[in-house]
Amino acid sequence: MSQNYDVLIIGAGVVGCCLASDLARSGYSVVVVEKANDVATGASKANSGLVHAGYDPKPNTLKARLNLEGNKMYPSLCQRLGVKLKKTGAIVVGNDKGAVDALYERGKQNGLKNLEVLGRDGLLKLCPNLNSDITIGLYAKDAYIVSPYLLTICLAEEAILNGATFLLNDKVKNCKKQGKNFEITAKNTTFTAKYIVNSAGAGYNEVAKVLGSERYKIEFRRGEYYVLDSTESGLTPITVFPLPSAAGKGVLVTPTIDGNILVGPTSYQSDVSTKTTKEGLDDVKQKSSALIEVNLRKAIRQFAGIRAITEGDFTIEKSRKVEGVINLAGICSPGLSSAPAISKYVFSLLGLEYNPSISAKKIKPYFLLKDLNDDQINSLIVKNKSYGRIICKCENITEGDILFALNRPLRVNSIDGVKRRVRAGMGRCQGGFCKLPVAEIIAKHNKISLDDVLKENEGSKLFVSPIRGGKND
Ligand SMILES: Cc1cc2nc3c(=O)[nH]c(=O)nc-3n(C[C@H](O)[C@H](O)[C@H](O)COP(=O)(O)OP(=O)(O)OC[C@H]3O[C@@H](n4cnc5c(N)ncnc54)[C@H](O)[C@@H]3O)c2cc1C
């Protein structure tokens, strides 16, 4: 007998997972179909990790409204999930007083309160390393940094704990409306749902084609970054933006919640490939030097994320072609900041009651042994010896930390999945030393062969065949 759900969500990025958790905690039955092997593998893993204050979006747009509303929801959201959130504030700097004043006015129009225009002396108090050409800037106090992937993972886990089903490595193959319900065929299962939300990010149009709903003109823009070693964390305690241009918010320099520095992103029209390019990284180098002198020899990684953009604004609407389908297209920046407010807005489009129960189940917050005090560390190792074995030497991540990630409501079978949860492999050697021990822990815990441990998605096997002790030895 096939399962009947209230809502099918397609795409498990921050938006899909936030909605899944809110629906499950409001008493609705939810299924999430995600094509990748884990949640948070699209734009939600590769962005600047900023909860924007909301001065940048054009007034009277969904972006402006949902950014501001989402920003206000973040402290309680992260407290509920036990996800770290830091109010660093942000400055937008340059030497064009007119442009700074215009941004201030835009922020005021969007309803921001904690905004200030500062001269060079005021800016230097917030960021002593600013380039000598900078004379003026806008200071937005209500800006935060967060781990976008850990937040998404925790939202998915919270959704599961409250009854949601996640189908990973899956896609909707077929969808038929039968009376008021949709009959849905996924890879290995069929089920029904009353409503469908397409939150597939860069995959929106592909999903819309299967659903028969509206397709939009979506432009992809690649954002490339450098990640600097944590030795550079003193570079800036606050997010530093250049003045925005038509191409977007520009190349910024920001601390991350985990103690690195992020420099980027570019904004080039692209396909959906997340490759980095010489051209892009040179652009990051040149543009960031206008803000702060960054030592890019301290870079430990480069990465890229893909923005999926519909013209002008987020496109969030009820499908006019297929009743019961909600279209979420063009959820580019500030989509991370807006995610909790987007979720609430989708409830209103669905005509469902947004009423997350205060007695909904709570996830156990992630923690790392290294963040505990000496007494706590000693007593944890006495209770559980796996916390005494360091696996990732750069980040001081123990076997106990990794097993904690493997024993959560959402199963993990990839090295990158472990990395996003507990940072094993996020340090200077980028997993050069710990990849194999992490794979062995995953294999043993999940009772699978080492050959079946993946780096990320299906097909990304790390081990082809043994070089010793194998049949050719
Ligand atoms: C470079 C860059 C920097 C950014 N910086 C910020 C920032 O600092 N602050 C901010 O607020 N916002 C920022 N954003 C925007 C933010 O990252 C996005 O708005 C947000 O992550 C979008 O979340 P999502 O859930 O809509 O999409 P995604 O995270 O892309 O999730 C979509 C999911 O759908 C899945 N999917 C795709 N096709 C299918 C299919 N056919 N079937 C099933 N599943 C499918 C994908 O695998 C993916 O997991 C940035 C974006 C980029 C690219």
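The values are calculated or read from the model by the stated rules, or taken from the named source; none is laboratory data. Note that this is a predicted model, so its numbers are computed, not measured. As a convention, Cβ positions derive from the backbone with ideal geometry for all residues, glycine included, and neighbour counts pool all protein chains shown. When the accessible area is computed, the model is the full protein with side chains, heavy atoms only, and any ligands, DNA or RNA have been set aside. Shrake-Rupley method; radii C 1.70, N 1.55, O 1.52, S 1.80 Å.
List of remarks:
- From the list Lys461, Lys383, the one residue that fits, being under 21 Å from Asn37 (Cβ atoms) and open to solvent by 30 Å² or more (accessible area, probe 1.4 Å), is Lys461.
- Where Ile358 falls short, out of the listed (1) out of contact with any strand residue (DSSP E or B) (no Cβ under 8 Å at 6 or more places or on another chain); (2) touching a residue at least 40 places away in the same chain (Cβ under 8 Å); (3) part of a loop (DSSP other than H, G, I, E, B): (2)
- Number of positions in the range 303-332 that are within 9 Å of the ligand (Cβ to nearest atom) and in contact with a Gly (Cβ under 7 Å, 6 or more places away or on another chain): 6
- Residues that are touching a residue at least 60 places away in the same chain (Cβ under 8 Å) and either among the small types (Gly, Ala, Ser) or open to solvent by 20 Å² or more (accessible area, probe 1.4 Å) (or both), drawn from the range 262-287: Gly264, Val272, Thr274
- Only one of the numbered conditions (1) in a helix (DSSP H, G or I); (2) of a type in the set (A, V, I, L, M, F, W, C); (3) open to solvent by 50 Å² or more (accessible area, probe 1.4 Å) is not met by Phe367, and that is (1).
- Filtering Ser199, Ser230 for residues that are at pLDDT 95 or above and more than 9 Å from the ligand (Cβ to nearest atom) leaves a single hit, Ser230.
- Candidate set from the range 159-175 (those that are in a loop (DSSP other than H, G, I, E, B) and in contact with a Lys or Arg (Cβ under 8 Å, 6 or more places away or on another chain)); member that is nearest to the ligand (Cβ to nearest atom): Lys171
- Some residue of the range 293-300 being in contact with a helix residue (DSSP H, G or I) (Cβ under 8 Å, 6 or more places away or on another chain) and either within 13 Å of the ligand (Cβ to nearest atom) or β-branched (Val, Ile, Thr) (or both): yes
- Lone unmet requirement of (1) open to solvent by 50 Å² or more (accessible area, probe 1.4 Å); (2) within 14 Å of the ligand (Cβ to nearest atom); (3) in a strand (DSSP E or B) for Lys194: (2)
- Gly259, sole failed condition from (1) surrounded by 22 or more Cβ atoms within 10 Å (Cβ to Cβ); (2) small (Gly, Ala, Ser); (3) farther than 30 Å from Lys209 by Cα: (1)
- The helices (runs of 4 or more DSSP H) falling completely within the range 32-139 that include 1 or more residues that are within 13 Å of the ligand (Cβ to nearest atom), among the aromatic types (Phe, Trp, Tyr) and open to solvent by less than 50 Å² (accessible area, probe 1.4 Å) map to 62-81.
- Meets criteria (assigned to a strand (DSSP E or B), among the small types (Gly, Ala, Ser) and modelled with pLDDT of 95 or more) for Ala156: no
- Selected residue (criterion: least open to solvent (accessible area, probe 1.4 Å)) from residues of the range 216-227 that are within 13 Å of the ligand (Cβ to nearest atom) and more than 30 Å from Gly425 (Cβ to Cβ): Ile218
- Among the residues of the range 424-446, those identified as open to solvent by less than 20 Å² (accessible area, probe 1.4 Å) and not in a helix (DSSP H, G or I) are Ala424, Gly425, Gly427, Gly431, Cys434.
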